[in-house]
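Below is one structure, written out as structure tokens; the observations come after it.
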Amino acid sequence: MKFSHKLLLWTTIIIALTLGFSGYYFVNYVFETSLEREVNQALDENSILRFAFETAALNVPVKYDLLQNSSVEQIASNLETSGQGTGRLLRISDEEKQTIYVSDGFETDDELLSVAEENQYSYRVIQSGDRYYIQTGSSVNALGRGLYLETLKDVSQVFEERETGFLVYRRLMILMLVLGIVVMYFISSGLTKPIRRLMRATREMAAGDYSYRAKQVSSDELGQLTQDFNHMSEALEQTIDQLEDEVQAREDFVGAFAHELKTPLTSIIGYADMLRSRKLDEEKSLLSANYIYTEGKRLEAMSLRLLDIIVTKKEGAKIQKVPVDSLFEYLRNMFLPNESMEFVFSYEQTYVLADASLIQTVLVNLLDNACKASDAGSRIEIGGYSQEDGYRFTVRDYGIGIPEEELSKITQAFYMVDKSRSRSRNGAGLGLALCTEILALHDSKLEIESTPGEGTSVGFLLLEAGKEAQHEAIHS
Ligand code: ATP
Ligand code: MG
């Protein structure tokens with residue numbers, strides 16, 4: 001059952017019960033009050049009749065010591081007729097509870113008479129056919145007689161009024177219930193609107209539409225829930241986008257890897273096949289063996305690079321305080337023997353927080369790229385200087401440069417702007433991917449600026465030892 005229907009059902013039950021009980025109580029209260037008034041009137045009348053009887057008995061001529069039954073009848077008949085028009089009914093009984101006089105229509109049993117006591121008024125409400133009466137009784141002392149006077153008052157009207165009251169109230173209740181149900185239907189469907197919108201949103205999301213948002217229609221708890229749900233959807237959408245990107249990147253990686261494997265393997269297999277199927281002269285055999293060797297070397301370099309990336313990801317970085325000059329000294333020893341380039345080193349001496357061997361790998365890769373992009377004799381500047389937000393390393397070359405649209409792609413594994421040129425220089429397109437992994441472990445990233453034909457500047461920031469506290473404070 002729908003929540004709004006449950007709400008409607010329970011409200012209807014509560015309204016019906018409340019109206020039912022209060023209506024019953026009200027009509028019954030009015031009835032009880034009216035009946036009490038009628039009882040009091042009946043008792044008053046009985047008392048008046050009793051005095052009237054006793055007074056009339058005093059006026060009977062004193063012929064006998066005792067009041068005779070015929071006199072009693074006479075007085076009772078007078079009393080009955082004196083109340084004509086009011087439907088007065090009475091009965092007089094003697095000491096043995098035998099009826100002396102009874103009005104026509106006074107039809108009832110002797111129950112009240114049998115429990116009658118002297119000097120006491122008593123009454124009861126009785127039903128005779130479809131009529132209701134109040135029967136009253138009292139003892140009368142007249143001229144030595146101990147008689148008993150009973151009256152009967154028709155109160156059917158009060159009972160009819162009660163029935164009419166119930167009938168009117170029932171109709172009123174049905175009307176109010178119908179009205180209540182209509183009003184509650186609109187209220188409950190309005191109240192549950194945010195829930196229906198949320199349900200729709202969850203269904204849309206379950207069907208794969210993560211961009212669907214539930215519209216917020218109120219500012220109460222349900223509105224807050226809608227808002228929170230939308231925040232959750234946003235976070236979920238971002239995570240899923242991210243996961244999709246990662247899956248895509250992984251697929252691209254596998255695709256590129258397979259492709260990069262294929263090229264050297266094709267030449268290795270081709271040359272090996274040539275060597276085993278034909279007898280080649282010495283020069284050709286040497287050439288073939290040389291191709292197999294260089295392509296094998298390229299494969300080896302590629303697998304080592306891949307291994308580097310995997311190991312870096314797995315083992316992380318051991319961050320230490322590293323003197324900057326030790327890094328530059330390492331580069332100088334490695335590259336200065338290469339006299340085909342003009343290397344210019346300029347740096348400020350300080351300490352950085354880094355994993356020395358990993359940062360050496362980054363710098364070697366950047367310098368290697370700079371060399372590969374430059375013509376012989378070109379100038380390559382390697383710099384390091386302190387900045388407010390850390391220590392910046394830069395490698396600047398005046399080589400071929402990188403087109404702007406390629407800048408975002410060159411850090412992807414196996415991506416090479418000019419494949420044949422890179423391959424001819426033993427490139428596998430993995431160097432910058434490795435640098436990106438290493439710098440991510442240092443909370444840093446590559447910043448590449450390049451103008452095709454003019455050259456490229458690649459830099460990155462590292463935390464400077466002693467300044468890290470200040471740095472943290474700036475970023476927090
Ligand atoms: P590997 O580093 O694996 O030996 P690679 O140098 O080709 O091979 P990356 O270092 O990842 O691979 O560089 C990717 C590509 O970016 C290069 O192939 C090259 O096209 C371009 N590139 C990188 N650095 C420079 C640079 N300084 N000048 C011009 N192009 C560059
Ligand atoms: Mg490289």
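Here is a check on your reading of the model: is Lys262 without any contact (Cβ under 8 Å) to a residue 40 or more places away in the chain and in contact with a helix residue (DSSP H, G or I) (Cβ under 7 Å, 6 or more places away or on another chain)?
no
Within segment 249-279, which residues are over 28 Å from Arg425 (Cα atoms) and either among the aliphatic types (A, V, I, L, M) or at pLDDT below 90 (or both)?
Those that are over 28 Å from Arg425 (Cα atoms) and either among the aliphatic types (A, V, I, L, M) or at pLDDT below 90 (or both): Arg278, Lys279.
If I filter segment 399-412 for residues that are more than 27 Å from Tyr385 (Cα to Cα) and either within 12 Å of ligand 2 (Cβ to nearest atom) or among the basic types (Lys, Arg) (or both), do I get at least one hit?
Yes: one or more hits.
Which one of Ser77, Ser70 is more than 20 Å from Glu45 (Cα to Cα) and either among the β-branched types (Val, Ile, Thr) or outside any strand (DSSP E or B) (or both)?
Ser70
Return the pair list, or none, for Cβ contacts closer than 6 Å from residues in segment 405-433 that are closer than 14 Å to Leu306 by Cα to residues that are open to solvent by 60 Å² or more (accessible area, probe 1.4 Å) and more than 8 Å from ligand 1 (Cβ to nearest atom), at least 6 apart or on different chains.
Final answer for the pair search is Ala413/Phe253; Tyr415/Lys409.
Of all residues in segment 276-316, how many are surrounded by 16 or more Cβ atoms within 10 Å (Cβ to Cβ) and farther than 30 Å from Ala440 by Cβ?
Of the residues in that region, 4 qualify.
All but one of (1) without any contact (Cβ under 8 Å) to a residue 12 or more places away in the chain; (2) part of a helix (DSSP H, G or I) hold for Ala56; which doesn't?
(1)
Restricting attention to segment 124-178, which residues are charged (D, E, K, R) and over 19 Å from Gly83 (Cβ atoms)?
Across segment 124-178, the qualifying residues are Arg124, Asp130, Arg145, Glu160, Glu161, Arg162, Glu163, Arg170, Arg171.
Within segment 138-150, identify whether any single residue is assigned to a loop (DSSP other than H, G, I, E, B), out of contact with any helix residue (DSSP H, G or I) (no Cβ under 9 Å at 6 or more places or on another chain) and open to solvent by 20 Å² or more (accessible area, probe 1.4 Å), and answer yes or no.
So far as segment 138-150 goes, yes, one or more of its residues are assigned to a loop (DSSP other than H, G, I, E, B), out of contact with any helix residue (DSSP H, G or I) (no Cβ under 9 Å at 6 or more places or on another chain) and open to solvent by 20 Å² or more (accessible area, probe 1.4 Å).
Step by step: first the residues of segment 338-363, then only those that are in a helix (DSSP H, G or I) and farther than 15 Å from Asp325 by Cα, then the one that is farthest from ligand 1 (Cβ to nearest atom). Which residue is that?
Only one residue tops the list, namely Leu358.
Considering segment 329-364 alone, what residues qualify as being surrounded by fewer than 21 Cβ atoms within 10 Å (Cβ to Cβ) and within 16 Å of ligand 2 (Cβ to nearest atom)?
Once the filter is applied, which keeps residues that are surrounded by fewer than 21 Cβ atoms within 10 Å (Cβ to Cβ) and within 16 Å of ligand 2 (Cβ to nearest atom), segment 329-364 yields Leu331, Met334, Phe335, Asn338, Met341, Gln360, Thr361, Val364.
Within segment 429-459, can you find the residues that are more than 50 Å from the chain's Cα centre (by Cα) and open to solvent by 40 Å² or more (accessible area, probe 1.4 Å)?
Thr451, Pro452, Gly453, Glu454
Check Glu36, Glu32, Glu54 and return the single one that is surrounded by 13 or more Cβ atoms within 10 Å (Cβ to Cβ), out of contact with any Asp or Glu (no Cβ under 8 Å at 6 or more places or on another chain) and closer than 30 Å to Ile126 by Cα.
Glu54
A quick yes/no check of all residues on (1) over 26 Å from His259 (Cα atoms); (2) polar (S, T, N, Q):
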residue: Lys372; (1), (2): no, no
residue: Ser386; (1), (2): yes, yes
residue: Arg396; (1), (2): yes, no
residue: Ile410; (1), (2): no, no
residue: Thr456; (1), (2): yes, yes
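Within the group Leu79, Leu35, Leu90, Leu58, which residue is touching a Gly at 6+ places or on another chain (Cβ under 9 Å) and either over 18 Å from Lys153 (Cα atoms) or not basic (Lys, Arg) (or both)?
When all the criteria are applied, what remains is Leu90.
In segment 232-245, is there at least one residue being open to solvent by 50 Å² or more (accessible area, probe 1.4 Å) and either of a type in the set (Phe, Trp, Tyr) or touching a His at 6+ places or on another chain (Cβ under 7 Å) (or both)?
no
Tell me whether segment 82-89 contains one or more residues that are assigned to a loop (DSSP other than H, G, I, E, B), closer than 16 Å to Ala116 by Cβ and open to solvent by 30 Å² or more (accessible area, probe 1.4 Å).
No, segment 82-89 has no match at all.
Out of segment 424-435, which residues are of a type outside the set (A, V, I, L, M) and within 12 Å of ligand 2 (Cβ to nearest atom)?
Arg425, Asn426, Gly427, Gly429, Gly431, Cys435 - these are the residues of segment 424-435 that are of a type outside the set (A, V, I, L, M) and within 12 Å of ligand 2 (Cβ to nearest atom).
The values are calculated or read from the model by the stated rules, or taken from the named source; none is laboratory data. None of these values were measured; they are calculated from a predicted model. Cβ sites come from the backbone with ideal geometry, for glycine too, and all protein chains shown count toward neighbours. Keep in mind that these areas ignore ligands, DNA and RNA; they rest on the heavy atoms of the full protein, side chains included. Shrake-Rupley method; radii C 1.70, N 1.55, O 1.52, S 1.80 Å.
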